[in-house]
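A.B. asks: Please find one structure pasted underneath; my questions will follow.
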Amino acid sequence: MNPRVKQVLIHIGLFAVTFVTTTLAGAEWVYSRSVFDPTFSWHDFALGLPYSVAFLSILTVHEFGHYFTALYYRVRVTLPYYIPLPPGFMLFGTLGALIRLKERVRSTKVNFDIGIAGPLAGFVLAVGILAYGFTHLPPAEYVFQFHPDYEKYGLDYAKHVYPPAPMPPGVIDIKLGKSLLYSWMERLADDPRAVPNPHEIIHYPLLFAGYLALVFTSINLLPIGQLDGGHVLYGLIGHRRHRLVASIIFGLFIFYAGLGYINPASPGDQLFWEIPLFIGFLYLCFTGLRLHWQNTLMIALAVFTAQYVLATVFPGIKGYSGWLFFGLLLGRFVGVPHPPAEVEEKLSLGRQILGWLALVILLITFVPNPIEIFETLPPTDGAP
């Protein structure tokens, strides 16, 4: 078989598998229909299509924004590699997609254009899908088909069923945080009562897909390393200043992620092993700064000390530990500094405007705590 044909078939195969896994994820998230349920049917599979089509459309537009820009500049590039994830709790059906540049991009301008094209293209489609979702909401009573026990409270059910209200035993409740943009777009709804509660967004496939797309857009636009936002900031301020700004942003990101993760009120024997392990984790994250190991260790110790002191003074303060794993990926595999370009050139005014616009998009789409999970334990044997 021709190697080029074989490679195209690999891309098509990965897309097909990802389409299946995202559709299964949509059925699971929106309708709680797990593929592991013996009664799962083709009808249940079809229920996941609105989520998978919307989410994969945004993802595909994002990646082809990079792809076609690279082709425009005659940079050799692969088609998108889609990354499927098997169905299961808290999985979205995919880890996203990526393209691989087959040669080094030597110019700041070209690097900037390729980097910014993807998130801007995906952002436009995500906003369009969210706008359609908010202007075509089902009636407020739609949520009762998923939670028939809420119906007895009427449309005032929220104050009776979500924390801090007592939850029934064995219940898992998922709450999605809101970005500034998502909150603004809620105003598009004709009936404010039909806007889903943050605990119920997962049951609205277009809103859920658009929500996730905005979260992933904000992650891509973090101005760190070779993330899309790293390419953008590098083009705006150059190599030297980018290293400083990206290091500060990365440090604040890790500080927030780990804030309150170690509880000063824990028993002493627990802290005895928790603290060194967590400092070691921070050290691994901060190796992404590409500093001497002694400086890296000092930064890890300083960040931990600040986190510990703040959690001691304000016991209720917490960051979002869900970002810790992503911080480790950034530190160990992406790196914080941006590699220098061979040709440093000042961006045109139009590109500068687009660059700062992309960073504004980061601010209005970033969610400090995207997913919060509340769980009550099931009753023990013999419990009433």
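A.B. asks: Taking neighbour Cβ counts within 10 Å as the exposure measure, how do Ile237, Ile224 sort from fewest upward?
C.D. replies: Values: Ile237 16, Ile224 26.
Listed from fewest to most nearby Cβ atoms, that is Ile237, Ile224.
A.B. asks: On to the next question. Would you please state which residues of region 341-361 a label at Ala131 would reach in this model, taking the label point 7 Å out along Cα→Cβ and a backbone N cut-off of under 20 Å?
C.D. replies: Counting only backbone N, you get 354, 357-361.
A.B. asks: Right, next: List Lys175, Lys346 from most exposed to least, where exposure is judged by having the fewest other Cβ atoms within 10 Å.
C.D. replies: On the way: Lys175 19, Lys346 12.
Fewest to most other Cβ atoms nearby, the residues stand as Lys346, Lys175.
A.B. asks: Over all directions, average the projected area of the Cα convex hull of region 301-363 and note it in nm². Write out the running numbers ahead of the final one.
C.D. replies: Numbers: hull surface 29.1 nm².
Here the figure is 7.3 nm², rounded to one decimal.
A.B. asks: Leu259's amide H: which non-local residues (gap 5+, or another chain) put their own amide H closer than 5 Å, with H modeled 1.01 Å from N in plane and none for Pro or chain starts?
C.D. replies: Gly319, Tyr320
A.B. asks: How much mean residue ellipticity at 222 nm does the chain get from its helices, if each DSSP H run of length 4 or more adds -39500 (n - 2.57) and you divide by all residues, to the nearest 500 deg cm²/dmol?
C.D. replies: Details: 12 runs with 208 residues, N = 384.
The helix-only estimate for the chain comes to -18000 deg cm²/dmol at 222 nm.
A.B. asks: In percent, what relative contact order does region 207-263 have, based on Cα pairs under 8 Å that are 6 or more apart in sequence? The partial results should precede the final answer.
C.D. replies: Details: 27 pairs, mean separation 12.1, N = 57.
So the answer I get is 21 percent.
A.B. asks: In a Gaussian network model over the chain where Cα atoms closer than 10 Å are linked, find which of Pro80, Pro192, Pro223 has the largest mean-square fluctuation.
C.D. replies: The residue with the greatest mean-square fluctuation here is Pro192.
A.B. asks: How long are the semi-axes of the equivalent ellipsoid of the chain, taking √(5λ) for every eigenvalue λ of the Cα gyration tensor, in whole Å from largest down? Walk me through the numbers before you get to the answer.
C.D. replies: Values: eigenvalues 254, 182, 83 Å².
With the √(5λ) rule applied to the chain, the semi-axes are 36, 30, 20 Å.
A.B. asks: Turning to a different aspect of this structure: Using modelled backbone amide H atoms (1.01 Å from N, in-plane), which distant-in-sequence or interchain residues come within less than 5 Å of Val77's amide H?
C.D. replies: Close amide H contacts, sequence-distant or interchain: Lys102.
A.B. asks: Could you give the length gained by full extension between Leu155 and Phe314, i.e. 0.36 nm per residue of separation minus their alpha carbon distance, to one decimal place? Mind dumping the intermediate values first?
C.D. replies: Working: separation 159, 0.36 × 159 = 57.24 nm, distance 3.61 nm.
Extra length available between Leu155 and Phe314 comes to 53.6 nm.
A.B. asks: Additional query: Computed on alpha carbon atoms, what radius of gyration and Dmax characterise region 235-352, expressed in Å?
C.D. replies: For region 235-352, the Cα-based Rg and Dmax read 16.9, 59 Å.
A.B. asks: Taking 4 °C and 1.567 mPa s as the conditions, I'd like the Stokes-Einstein D for region 1-123 in µm²/s, using the Kirkwood hydrodynamic radius from alpha carbon pairs.
C.D. replies: Details: Rh = 15.7 Å.
Stokes-Einstein gives a translational diffusion coefficient of 83 µm²/s.
A.B. asks: Another question, if that's okay. Output the relative contact order of the chain, whole-number percent, from Cα pairs under 8 angstrom with separation of 6+ residues. Can you show the working numbers first?
C.D. replies: Values: 580 pairs, mean separation 77.2, N = 384.
It rounds to 20 percent for the chain.
A.B. asks: With labels modelled as points extended 7 Å from the Cα through the Cβ direction, what inter-label distance (nm, one decimal) is found for Val343 paired with Tyr73?
C.D. replies: My value for the distance between the label points is 0.9 nm.
A.B. asks: Restricting to DSSP loop positions (anything but H, G, I, E, B) with no more than 14 other Cβ atoms inside 10 Å of their own Cβ, which chymotrypsin sites (Phe, Trp or Tyr not before Pro) remain in region 89-184? Walk me through the numbers on the way to the answer.
C.D. replies: Numbers: sites: Phe89, Phe92, Phe112, Phe123, Tyr132, Phe134, Tyr142, Phe144, Phe146, Tyr150, Tyr153, Tyr157, Tyr182, Trp184; in loops: Phe89, Phe92, Phe146, Tyr157.
Loop-located and lightly packed - Phe89, Phe146.
A.B. asks: Scan the chain and hand back the longest stretch that contains none of the GluC sites (Glu not before Pro) lying in DSSP loops with at most 15 other Cβ atoms within 10 Å. Walk me through the intermediate numbers first.
C.D. replies: Details: sites that count: Glu103, Glu342, Glu344, Glu345.
After excluding every exposed loop site, the longest remaining stretch is 104-341.
A.B. asks: Which of the pairs Lys152/Lys178; Lys102/Lys346; Lys178/Lys346; Lys152/Lys175 have their Cα atoms more than 31 Å apart in this structure?
C.D. replies: Working: Lys152/Lys178 28 Å; Lys102/Lys346 25 Å; Lys178/Lys346 36 Å; Lys152/Lys175 22 Å.
Going by Cα-Cα distance, Lys178/Lys346 fall outside the 31 Å limit.
A.B. asks: So what are the ³J(HN,Hα) numbers for region 327-334, from phi and the Karplus equation (6.51, -1.76, 1.60; θ = phi - 60°), rounded to whole Hz, Gly and Pro as x?
C.D. replies: x, 5, 4, 4, x, 8, 10, 8
A.B. asks: While we're here: Which ³J(HN,Hα) values in Hz, rounded to whole numbers, follow from the phi angles of region 78-84 under the Karplus curve 6.51 cos²θ - 1.76 cosθ + 1.60, where θ = phi - 60° and Gly and Pro get x?
C.D. replies: Taking θ as phi minus 60°, the curve returns 8, 5, x, 9, 7, 10, x Hz for region 78-84.
No value in this document is a laboratory result; all are computed from the given coordinates. Here the structure is a predicted model, which means the values were calculated and not measured. Here the Cβ is made from the backbone with ideal geometry for all residues, glycine too, and neighbour counts use every protein chain on show.
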